[in-house]
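The structure is given below, and queries will be raised subsequently.
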Amino acid sequence: MKIIALLVSVALGVILLVATNDLPEWGDPQSPASTHLSRYYIENSMEQTSVPNFVTAVLADYRGYDTMFETAVIFCAGITVLTILRRSHRRKKKDVQPRPCREGQDIILKSAARLIAPMMQLFALYVLAHGHHSPGGGFQGGVISGASFILLSIAYDLEMLLSRLKERTIMFFSGLGVLIYAGIGAICLLLGGNFLNYSSWSKILQVSEVEARSHGMLGIEIGVFITVTFIMISLYADLASGGEMDEGL
Amino acid sequence: MIQSQLPILIIAIPLLMALAISLFGRKSDILCFYLLVLGMAATFAAALGTLSQVLSTGESIHYYLGGWSAPHGIELVIDHLSSMVLCMISGVALLVGVYSKRTVPAEVPFRTEHEKIPQRVPNYYTLYSLLIAGLLAITATGDAFNLYVSLEIAALASYGLLALGQGRAYFATFKYLIMGTIGASFYLLGVGYLYIKTGSLNMGDLQGILAQAAMQHSTSITIAFAMIMVGIWVKMAFFPLHGWLPNAYTLAPNTSSCLIAPLMTKVSVYMMIRLMFSVFSANYVFVTLGWQNLVVPMAAVAIIFGSISALGQKNLKRMLTYIIIAEVGYMVGGAWLGNANGYIGAVYHILADGMMTLCVFMALGAIIYKTGDSSLESMRGIFRKMPITAAIFVLGGFAMIGIPPTCGFFSKWYLVTGAYEAGQWFFLGALLFSSLINAIIFFRIIETGFFPDFNREKESGHHEGKVAMAEAPLSMLLPMVITALSLLLIGLYSKDIINGLIRPSIPPGLL
Amino acid sequence: MANFLEAVLGQYNNWAFIILLMIGIYAMIAKNNLLKKVIGMAIFQSAIILFYVSVSLKKGATIPIIAHGHGHDHGAVAHAIDAASYANPLPHVLMLTAIVVGVATLGVALAIVQKVNRVYGTIEEDEILEKIKE
Amino acid sequence: MEVNSWVLWQFDVLILLMVVVCAVVALQLKDLVSSAITFGAYSFFMCILWTEMLAVDVAFTEAAVGAGVSTILFLGTALHVKRRAKD
């Protein structure tokens with residue numbers, strides 16, 4: 001097996017090195033990759049969507065269909081992990097061997113986590129809301145806000161988190177996020193535009209079509225945010241407890 | 001209005017239905033089933049709608065998502081070829097959906113340790129619907145990168161569906177996951193090389209740029225093509241890269257294998273054909289590169305390997321998985337023959353093989369559901385116990401052998417003609433050889449099925465007439481009968497399908 | 001000599017990406033421990049991301065965000081945009097999607113590893129194969 | 001080195017070196033928990049590299065996902081399986 005692997009990896013390396021000779025010079029502003037499509041995006045996205053961050057504009061609007069599937073992929077992963085790992089019943093309290101690190105109730109850790117978590121959530125919301133103008137957006141914000149819950153459940157334990165946030169709620173919200181995304185797209189159909197054509201929202205929102213695109217993007221970013229937040233919690237809860245949902249790490 | 005929005009409905013309905021099942025189906029399992037069947041029926045109707053639209057106008061439909069025109073936004077392209085595959089996918093999804101009414105509650109919630117796992121059935125149906133959404137999105141898309149994302153969603157859902165089998169299924173699925181990720185990553189790398197050379201991701205746009213003379217002889221484009229092909233071959237389990245398939249499909253729950261076995265490999269073949277002829281061109285693949293003399297014999301080896309391995313299997317389900325590997329060889333070989341007859345054979349075989357794989361897997365699933373066993377011995381006396389199921393199994397077997405009124409005959413006819421025209425004698429021989437092996441396999445099963453177990457009868461002193469009928473329930477029989485009829489119909493109307501649907505999609509440059 | 005150095009060092013991004021790809025695929029095929037295979041998989045995917053990101057770079061460009069692009073005077077701003085002064089945003093978008101797909105695959109892979117461990121009591125491939133044979 | 005004057009190439013090469021070293025170390029360590037942490041370091045260096053290659057959004061995502069959540073997921077798995085790997 002090792003020999004096969006070595007052969008495959010060396011062959012791959014050699015083939016890619018051969019291909020390298022033929023590529024345009026690194027960093028050339030006139031290379032095809034930088035001129036054909038990307039020039040259009042850079043020159044027109046501000047005018048057409050009024051979003052200064054090109055990445056957000058392309059991600060959420062020009063290629064919004066990709067992003068919808070990306071959100072669905074995350075949702076799908078959450079469901080798959082849950083289906084594979086989840087165990088039926090919790091083990092009885094007395095069967096669980098408390099891990100050594102869990103014995104001391106660390107007051108410093110808990111207090112710090114309690115202080116940091118709200119800050120993280122606030123920052124996550126900022127990243128979400130300011131994604132049009134700076135790096136960030138629904139996905140990054142969602143991961144940060146998911147991480148704040150993960151932090152809490154590491155400092156305390158998973159049961160504390162799950163007693164406040166039921167599993168059913170987690171799954172409900174993670175589906176809801178994708179539904180918000182696909183729903184915004186589907187309402188465009190009802191308004192007479194193509195799927196995910198946010199400019200048709202201008203009839204409802206009473207703004208110009210360009211502004212409507214900007215608002216539509218914010219809407220779908222919120223959907224992505226919700227899904228990612230809850231799927232990150234769900235992934236952590238499943239993987240850290242081995243599907244038992246007891247104490248976590 | 002709805003007419004012009006049909007292409008997106010095909011993809012949006014299963015996606016929204018997955019969410020609906022996940023959000024509202026948690027209360028009762030049977031509600032999930034009805035939601036799924038409803039969604040699949042609506043999808044099938046939408047797919048038929050686009051098919052009739054394509055047939056009546058004779059032109060492909062372009063649907064611009066977000067209202068952005070072609071190279072800047074993502075577009076869906078539905079032409080003759082993709083509308084046919086869309087109908088097949090949604091049709092199979094509907095049939096398996098109906099079929100799953102009894103099988104899913106029987107095999108999904110319980111595990112080997114006999115504990116009931118909460119929410120298993122709604123999750124299963126959610127993944128089912130997401131898988132179908134992914135496969136339909138692969139088929140409809142006109143964007144090379146979007147294909148990757150759709151591929152991944154279909155792959156992730158299929159890992160979930162396959163892993164729910166018996167204990168050993170997890171390890172098999174892990175291997176599948178590793179191989180699947182390698183395949184998808186190779187595809188992504190190939191698209192990256194195409195992007196760096198052309199600056200575009202839209203398939204139609206790419207084809208236009210790649211037709212330039214400078215691109216035709218570029219090394220990195222050749223390597224991009226090789227990467228993409230290797231990636232897809234891993235996904236479809238083409239011969240030297242097939243290692244993950246038999247275990248993953250054999251150990252999976254029956255409903256999952258009924259769904260995934262007919263669809264996953266065929267959609268990968270469709271992807272290969274789409275990329276060969278709609279991103280690159282027939283001229284580039286067969287004249288500039290001229291790799292057909294390498295790939296077609298490889299396909300012949302795949303056919304021979306698959307057939308011989310199938311002959312050696314005791315477990316019927318495992319035997320069928322090896323036949324799938326052989327069938328992949330048929331389609332890859334046909335597509336790479338480089339002439340019109342080979343292309344027709346390969347495309348027609350996507351449809352025909354999808355339906356016949358479904359037919360035999362569903363019949364076998366019904367037998368397993370009743371007898372709890374998938375060895376050859378479980379077939380003993382099956383004609384007496386489950387006459388309809390057995391008849392359907394035999395019909396599927398006839399189609400796989402290629403006996404005339406069934407569809408299997410016509411695809412083989414075109415493949416053999418194409419191989420003859422291209423002078424690929426080894427491939428032609430492999431086709432005939434595998435028909436022979438399939439005949440041996442299925443007649444052996446039929447023989448076992450016709451004769452009751454004499455030894456057991458002697459022991460228990462039963463008479464022949466006393467064997468009780470134990471036919472599968474109606475929810476399983478109905479889709480099986482429809483599938484079996486479709487095998488005959490696709491065969492009988494083969495001329496119309498080929499002239500109406502496949503011939504208009506023959507790419508320019510194939511003779 | 002100087003040319004050669006330029007040719008080798010000027011392409012160091014390609015070197016790094018190829019080396020990482022080779023490490024990743026070697027680990028995915030050859031490593032015995034399933035978790036190591038998963039790490040190999042993650043390295044393989046991030047190598048591809050590195051490739052795409054280095055495609056997006058332009059000489060003398062800045063990050064693909066219009067500074068002070070607030071407000072509704074976008075008509076005026078649009079004229080001033082010079083495509084060569086911003087990095088190419090499209091590969092960034094594609095790679096955001098690829099990272100998300102990567103973490104989704106990672107989660108599923110880890111779940112399957114844990115389940116394999118639960119069924120066989122080990123995640124070493126050779127030991128699992130032995131147990132399957134029994 | 002005029003070719004590379006447009007990026008801090010010394011810095012670039014240093015980080016690429018660290019990335020490769022972290023990748024190899026993460027794969028070679030026998031202790032899976034250390035391996036997971038090293039992989040987190042790998043993601044972190046990747047993130048620095050991408051910031052410097054002007055891909056700020058990608059870097060942000062990688063910092064949150066690669067160095068943050070996937071390290072935790074790796075750790076969670078490493079603690080549930082036998083911690084010592086054979087290779």
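The numbers here are math on the coordinates, done by the rules we state, and not lab data. Just so we're clear, the structure is a prediction, and the values are computed from it rather than from any experiment. Virtual Cβ from ideal backbone geometry, glycine too; neighbours counted across all protein chains shown.
Mind putting a number on the dipole of the protein assembly as shown about its Cα centre? Charges go on the C-beta only, +1 for Lys and Arg and -1 for Asp and Glu, and I need it in Debye to the nearest 20.
Computed charge dipole of the protein assembly as shown: roughly 3000 debye.
Kindly state, to the nearest 0.05, the FRET efficiency for B:Glu471 paired with A:Met119, given R0 = 45 Å and r defined as their beta-carbon distance. Can you show the working numbers first?
Values: r = 65 Å, r/R0 = 1.45.
Using R0 = 45 Å, I get an efficiency of 0.10.
Residue by residue through segment A:57-65, what is 3J(HN,Hα) from phi via Karplus (6.51 cos²θ - 1.76 cosθ + 1.60, θ = phi - 60°)? Round to whole Hz and write x for glycine and proline.
3J(HN,Hα) across segment A:57-65, in whole Hz: 4, 5, 4, 8, 10, 4, 10, x, 5.
Ok, one more. Quick one: go through segment B:224-240 and flag any residue whose amide nitrogen is under 14 Å from the point 7 Å out along the Cα-to-Cβ line of B:Thr288.
Backbone N within reach: B:224-226.
Calculate the FRET efficiency for B:Phe24 and B:His217 from the Cβ-Cβ distance with a Förster distance of 45 Å, rounded to the nearest 0.05.
In this case the efficiency is close to 0.20.
Calculate the mean, over all residues of peptide A:121-133, of how many other protein chain Cβ atoms lie within 10 angstrom of the residue's Cβ. Mind dumping the intermediate values first?
On the way: counts 0, 0, 0, 1, 0, 0, 2, 0, 0, 0, 2, 3, 6.
Counting Cβ atoms of other protein chains within 10 Å of each residue's Cβ and averaging gives 1.
Computed over the Cα atoms of segment B:260-414, what is the convex hull's projected area averaged over all directions, in nm²? Don't jump to the answer; show the numbers that get you there.
Details: hull surface 36.3 nm².
Value for segment B:260-414: 9.1 nm².
³J(HN,Hα) across segment B:398-414 via Karplus (A = 6.51, B = -1.76, C = 1.60, θ = phi - 60°), whole Hz, x for Gly/Pro?
Residue by residue, segment B:398-414 yields 4, 5, 5, 5, x, 8, x, x, 7, 5, x, 4, 5, 5, 5, 4, 5 Hz.
For chain A, find the longest principal axis of its Cα atoms and tell me its angle to the long axis of helix A:2-22, 0 to 90°, nearest 10.
So the helix axis and the longest Cα principal axis differ by about 30 degrees.
May I ask for the angle, rounded to the nearest 10°, between helix B:120-140 and the longest principal axis of chain B, with both axes built from Cα atoms and the value confined to 0 to 90°?
Long axis of B:120-140 versus the principal axis of chain B: about 40 degrees.
What do you get for the angle between helix A:209-240 and the principal long axis of chain A? Use alpha-carbon atoms, 0 to 90 degrees, nearest ten.
30
What average count of beta carbons from other chains do you get within 10 Å of the Cβ of residues in B:182-188?
Details: counts 7, 0, 4, 12, 4, 0, 9.
Average per residue, whole number: 5.
Under 19 Å from a point placed 7 Å out from the Cα of B:Leu311 along the Cα-to-Cβ direction: which residues of segment B:365-379 have their backbone N that close?
B:376
Starting from the Cα gyration tensor of segment B:308-511, take the square roots of the eigenvalues, sort them a ≥ b ≥ c, and report rounded, prolate or oblate (rounded when a/c is under 1.5, otherwise prolate if a/b is larger than b/c, else oblate).
Values: a/c = 3.03, a/b = 2.00, b/c = 1.51.
Prolate, since a/c reaches 1.5 and a/b exceeds b/c.
Still on this structure, I have one more. When ranked by the protection proxy of mean other Cβ atoms within 10 Å per residue, highest first, what sequence do the peptides B:363-369, B:342-348 form? Walk me through the numbers before you get to the answer.
Details: B:363-369: 23.7, B:342-348: 27.7.
Ranked by mean Cβ neighbours within 10 Å, highest first: B:342-348, B:363-369.
Residue by residue through segment A:43-53, what is 3J(HN,Hα) from phi via Karplus (6.51 cos²θ - 1.76 cosθ + 1.60, θ = phi - 60°)? Round to whole Hz and write x for glycine and proline.
So the J values, rounded to whole Hz, are 7, 10, 5, 4, 5, 8, 10, 6, 10, x, 7.
Can you give the average number of partner chain beta-carbon atoms within 10 Å of each beta-carbon in peptide A:173-181, as a whole number? Can you show the working numbers first?
On the way: counts 1, 3, 9, 3, 1, 7, 7, 1, 2.
Partner Cβ neighbours, averaged per residue: 4.
While we're looking at this one, here's another question. Taking the convex hull of the alpha carbon atoms in the protein assembly as shown, what volume per residue do you get, in Å³? Show your work: numbers first, answer last.
Values: hull volume 160.9 nm³, N = 981.
Measuring per residue, one finds 164 Å³ for the Cα hull of the protein assembly as shown.
Counting only the backbone N, which residues of segment D:49-87 are under 12 Å from the spot 7 Å out from the Cα of D:Lys30 toward its beta-carbon?
D:84-87
By what distance, in whole Å, do the Cα atoms of segment B:216-277 stretch along each of the three principal axes, largest value first?
48, 21, 12
Find which of B:Ile30, A:Ala237, C:Ser56 sits farthest along the positive direction of the dipole of the protein assembly as shown, computed with +1 on the beta-carbon of Lys and Arg, -1 on that of Asp and Glu, about the Cα centre.
The residue sitting farthest along the positive end of the dipole is B:Ile30.
Something else about it: Principal axis extents for chain B, Cα atoms only, whole Å, descending order, please.
So the three principal-axis extents are 80, 56, 44 Å.
Using a basic spin-label model with each label point 7 Å from the Cα along Cα→Cβ, how many nm lie between A:Ser111 and A:Phe172?
Here the modelled spin labels are 3.6 nm apart.
Just to be sure I understand: with springs between alpha-carbon atoms less than 10 Å apart, which residue in A:Leu239, A:Leu179, A:Leu109 has the highest mean-square fluctuation in the Gaussian network model of chain A?
A:Leu109
Please report, in whole Å, how far the alpha carbons of chain D spread along each principal axis, starting with the longest.
51, 25, 10
I would also like to ask the following. Taking 2.2 N^0.38 Å as the expected size of a compact globular protein, what ratio does the Cα radius of gyration of segment D:29-80 give against it, to two decimals?
Numbers: Rg = 11.8 Å, N = 52, 2.2 N^0.38 = 9.9 Å.
Ratio of Rg to 2.2 N^0.38 Å for segment D:29-80: 1.20.
Moving on to the next point. Among A:Trp201, B:Trp413, rank each residue by its count of other Cβ atoms within 10 Å, from fewest to most, as a rough exposure measure.
Working: A:Trp201 22, B:Trp413 17.
Ranked by crowding around the Cβ, least crowded first: B:Trp413, A:Trp201.
Still on this structure: If contacts are Cα pairs under 8 angstrom and at least 6 residues apart, what is the relative contact order of chain A in percent?
Values: 300 pairs, mean separation 63.2, N = 249.
Rounded, it is 25 percent for chain A.
Then there is this: Could you list D:Phe11, B:Phe186 in order of exposure, starting from the residue whose Cβ has the fewest other Cβ atoms within 10 Å?
Listed from fewest to most nearby Cβ atoms, that is D:Phe11, B:Phe186.
Tell me the mean residue ellipticity at 222 nm calculated for chain A from its helices only (DSSP H runs of n ≥ 4, each -39500 (n - 2.57), averaged over every residue, nearest 500).
Numbers: 12 runs with 176 residues, N = 249.
One gets -23000 deg cm²/dmol as the mean residue ellipticity at 222 nm.
Would you list A:Tyr41, A:Tyr126, B:Tyr64 from fewest to most Cβ contacts within 10 Å? Write down the numbers at each step before the final one.
On the way: A:Tyr41 26, A:Tyr126 14, B:Tyr64 17.
Lowest to highest Cβ neighbour count: A:Tyr126, B:Tyr64, A:Tyr41.
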